[in-house]
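Some notes on the structure that comes next.
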Amino acid sequence: MAKILAKVSEKDVTSAIVDTFYSMLREYTESDVIIVGAGPSGLTAAKELAKAGKKVLVIERNNYLGGGFWIGGFLMNKITVRAPAQEVLEELGVPYEEYTEGLYVADGPHACSKLIGAACDAGVKFLNMTSFDDVVIRDGKVAGVVVNWTPVQALPRQITCVDPIALESKIVIDATGHDAFVAKKLEEKGLLKTRGHGSMWVEESEDAVINHTSEVYPGLIVTGMAVSTVFGLPRMGPTFGGMLLSGKRAAEVALEKLKELE
Amino acid sequence: MKIYVEDSFWDSFLFFEGIRKFFRFSVEFNPYKFKDPYFLAYIRVRNPNKREFYEPFPVEVENEKRGLIKGVIYDGVELLRYFSRDVDISEPTVLITNRLIATFGEDGRYHLRMIVIGPAAIISLKGILYAPAKPLQYYMMHSFGFDEKIDVKVDKVLKMLLLQFYAYFKHEEIFCESEECMLHNCHTTEEIKKVKGLCERHRKMFGDSVNLRGLS
């Protein structure tokens with residue numbers, strides 16, 4: 001019986017993984033932009049920046065990319081966006097329907113996988129199963145991140161004395177959701193004061209997130225729900241338009257900053 | 001009575017005529033603009049459980065200048081303090097704003113408000129929509145991401161609030177226990193619906209000052 005798949009040895013498989021991963025890692029020890037968090041805002045920012053020709057690395061602590069974009073509220077896998085964010089779904093080629101005027105619904109798995117695919121197609125590189133540990137600060141500016149394998153955090157300290165590594169970039173984007181891990185790390189160092197997100201509900205919180213997506217410390221831009229935490233904005237409901245548009249805004253801000261640095 | 005309307009929505013403010021007809025005395029309308037974007041950014045409510053003010057980020061001041069304030073909540077007491085110092089308040093003076101305002105309560109939490117009353121008053125049109133508690137159905141639909149219509153007659157509530165401030169300013173009269181009286185302190189949209197006019201006592205006090213026709 002003829003073989004279906006080409007014959008390769010075990011060591012060839014291992015070498016392929018090791019060689020390509022490490023050459024990518026080596027190349028991305030320095031990037032234009034490092035984005036921490038691969039949820040909808042981080043992925044959108046990454047895709048836009050890579051499309052603009054920038055070298056972009058995304059750090060994601062989970063194995064899977066996409067954050068909460070796979071499902072909507074109450075574990076139901078329909079995602080909703082409010083106008084004009086359906087235009088982003090359109091750009092991604094995600095089918096959607098108008099549920100009521102200005103409110104659009106799409107399948108979470110379709111939307112999320114298309115967004116991940118678009119980021120990959122644009123040239124974004126990912127380090128998944130990699131956790132943000134610290135920031136690199138140089139000349140009063142965020143100049144990169146310190147990361148480690150996610151499993152290291154989950155094991156007892158006495159058997160995991162694994163030092164992290166540093167990756168440099170001109171800009172870092174905090175897309176870590178309500179945790180705002182990067183901004184909080186700056187707060188620990190006394191460099192920034194986050195406000196903590198509010199619990200009061202207002203419909204306009206998505207607009208507020210987009211409007212406040214900005215550079216909050218030299219070299220650090222916040223996007224998505226991290227914006228709520230840094231600025232003390234009200235919580236949002238399970239709609240994703242604000243996340244997608246905040247990601248776009250973060251990319252615009254990053255491009256402006258990169259231009260200033262040229 | 002002097003009523004200032006924040007200039008950002010002066011052109012789209014729909015209630016000039018209704019308010020003029022409601023009061024039997026003269027009402028003067030003027031546009032108002034807050035002149036200090038830094039201060040507005042400074043007095044934002046950041047955390048519902050803490051009354052703390054922070055040095056604003058540059059983008060917050062910039063957004064104030066550009067009017068990009070959707071979703072922003074302001075400390076109503078500080079906003080009123082600023083307004084009261086900025087205008088002549090020797091006669092009843094009210095600012096109608098489209099900003100969301102909240103006050104820090106004795107329960108250690110901020111609460112959205114329709115009105116903040118002091119030597120002058122600030123009424124929030126958005127507060128009229130968002131501050132009163134809604135029926136359970138509204139919150140359930142919201143939790144699933146649906147925009148449920150808010151069932152509030154804004155013009156009616158606006159008249160109620162203006163009269164409440166007038167009653168306080170002229171007679172230091174604070175709220176009425178009668179659920180049907182315009183001076184009742186309503187906390188829910190259902191309570192607002194029960195308001196029909198003035199109770200007997202307040203009709204004697206304010207019957208000559210207001211025209212209750214068409215209040216519903």
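The values are calculated or read from the model by the stated rules, or taken from the named source; none is laboratory data. On a predicted model such as this, the values are computed, not experimentally measured, just so you know. With ideal geometry, Cβ positions are generated from the backbone for all residues, glycine too; neighbour counts draw on all protein chains shown.
Of all residues in the stretch B:84-95, at least one satisfies being more than 30 Å from B:Arg203 (Cα to Cα), free of Cβ contacts under 8 Å to residues at least 24 places away in the same chain and among the basic types (Lys, Arg).
Pairs linking a residue in the stretch A:144-173 that is on the phi < 0 side of the Ramachandran plot to a residue that is surrounded by 11 or more Cβ atoms within 10 Å (Cβ to Cβ) and of a type in the set (Lys, Arg), with Cβ atoms under 8 Å and 6 or more positions apart or on different chains, are A:Thr150/A:Arg61; A:Lys170/A:Lys257; A:Ile171/A:Lys257. Taking the stretch A:1-112 and the helices (runs of 4 or more DSSP H) fully enclosed by it, no element has 3 or more residues that are acidic (Asp, Glu) and either touching a residue at least 60 places away in the same chain (Cβ under 8 Å) or closer than 27 Å to A:Ala143 by Cα (or both).
Check the stretch A:89-105 and report whether any residue there is within 14 Å of chain B (Cβ to nearest Cβ) and either within 22 Å of A:Glu262 (Cβ to Cβ) or among the hydrophobic types (A, V, I, L, M, F, W, C) (or both). Checked the stretch A:89-105: at least one residue is within 14 Å of chain B (Cβ to nearest Cβ) and either within 22 Å of A:Glu262 (Cβ to Cβ) or among the hydrophobic types (A, V, I, L, M, F, W, C) (or both). For the criterion of being within 29 Å of B:Phe34 (Cα to Cα), of a type outside the set (Asp, Glu), in contact with a helix residue (DSSP H, G or I) (Cβ under 8 Å, 6 or more places away or on another chain) and in contact (Cβ under 8 Å) with a residue 12 or more places away in the chain, B:Ala120 passes.
Which of the following residues is in contact with a His (Cβ under 9 Å, 6 or more places away or on another chain), within 14 Å of chain A (Cβ to nearest Cβ) and not aliphatic (A, V, I, L, M): B:Asn98, B:Asn63?
Of B:Asn98, B:Asn63, the one residue that is in contact with a His (Cβ under 9 Å, 6 or more places away or on another chain), within 14 Å of chain A (Cβ to nearest Cβ) and not aliphatic (A, V, I, L, M) is B:Asn63.
Selection of helices (runs of 4 or more DSSP H) fully inside the stretch B:31-149 by the criterion of at least 2 residues being closer than 30 Å to B:His184 by Cβ, in contact with a Ser or Thr (Cβ under 9 Å, 6 or more places away or on another chain) and of a type outside the set (S, T, N, Q) returns B:76-86, B:125-130. Only a single criterion out of (1) more than 29 Å from A:Tyr217 (Cα to Cα); (2) crowded, with 18+ Cβ neighbours inside 10 Å; (3) out of contact with any Lys or Arg (no Cβ under 7 Å at 6 or more places or on another chain); (4) within 13 Å of another protein chain (Cβ to nearest Cβ) is not satisfied by B:Ser124, namely (3). When the stretch B:105-121 is examined, which residues are found to be closer than 22 Å to B:Glu52 by Cα, surrounded by 18 or more Cβ atoms within 10 Å (Cβ to Cβ), touching a strand residue (DSSP E or B) at 6+ places or on another chain (Cβ under 9 Å) and away from chain A (no Cβ under 12 Å)? Across the stretch B:105-121, the qualifying residues are B:Met114, B:Ile115, B:Val116.
A residue that is facing chain A (nearest Cβ under 8 Å) and either under 17 Å from the mean Cα position of the chain (by Cα) or of a type outside the set (A, V, I, L, M, F, W, C) (or both) cannot be found anywhere in the stretch B:79-87.
This table checks each residue for (1) surrounded by fewer than 24 Cβ atoms within 10 Å (Cβ to Cβ); (2) modelled with pLDDT under 95; (3) within 14 Å of another protein chain (Cβ to nearest Cβ); (4) over 15 Å from the mean Cα position of the chain (by Cα).
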{"position": "A:Gln158", "(1), (2), (3), (4)": "yes, yes, no, yes"}
{"position": "A:Cys161", "(1), (2), (3), (4)": "yes, yes, no, yes"}
{"position": "A:Leu167", "(1), (2), (3), (4)": "yes, no, no, yes"}
{"position": "A:Arg195", "(1), (2), (3), (4)": "yes, yes, yes, yes"}
{"position": "A:Leu244", "(1), (2), (3), (4)": "no, no, no, no"}
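On the stretch given as the stretch B:1-52, residues that are among the small types (Gly, Ala, Ser) and buried (at least 16 other Cβ atoms within 10 Å of the Cβ) total 2. Inspect all residues belonging to the stretch A:233-241 and state whether any of them is of a type in the set (A, V, I, L, M, F, W, C), at pLDDT below 95 and over 15 Å from the mean Cα position of the chain (by Cα). The answer is yes, given that some residue of the stretch A:233-241 is of a type in the set (A, V, I, L, M, F, W, C), at pLDDT below 95 and over 15 Å from the mean Cα position of the chain (by Cα).
Condition test on B:Gly145, is it within 14 Å of chain A (Cβ to nearest Cβ), under 24 Å from A:Thr239 (Cα atoms) and at pLDDT 90 or above? No.
When the test is whether a residue is touching an Asp or Glu at 6+ places or on another chain (Cβ under 7 Å) and acidic (Asp, Glu), A:Glu204 does not pass it. Is there a residue being crowded, with 21+ Cβ neighbours inside 10 Å, modelled with pLDDT of 95 or more and touching a strand residue (DSSP E or B) at 6+ places or on another chain (Cβ under 8 Å) anywhere in the stretch B:62-74? Looking through the stretch B:62-74, at least one residue is crowded, with 21+ Cβ neighbours inside 10 Å, modelled with pLDDT of 95 or more and touching a strand residue (DSSP E or B) at 6+ places or on another chain (Cβ under 8 Å). Just to be sure, is A:Gly108 within 14 Å of A:Leu244 (Cα to Cα), within 14 Å of chain B (Cβ to nearest Cβ), crowded, with 18+ Cβ neighbours inside 10 Å and not basic (Lys, Arg)? Spelling it out, A:Gly108 is indeed within 14 Å of A:Leu244 (Cα to Cα), within 14 Å of chain B (Cβ to nearest Cβ), crowded, with 18+ Cβ neighbours inside 10 Å and not basic (Lys, Arg). Here B:Tyr138 fits the description: within 14 Å of another protein chain (Cβ to nearest Cβ), touching an Asp or Glu at 6+ places or on another chain (Cβ under 6 Å) and not hydrophobic (A, V, I, L, M, F, W, C).
A single member of A:Glu215, A:Glu256 is within 13 Å of another protein chain (Cβ to nearest Cβ), surrounded by fewer than 20 Cβ atoms within 10 Å (Cβ to Cβ) and at pLDDT 95 or above, and it is A:Glu256.
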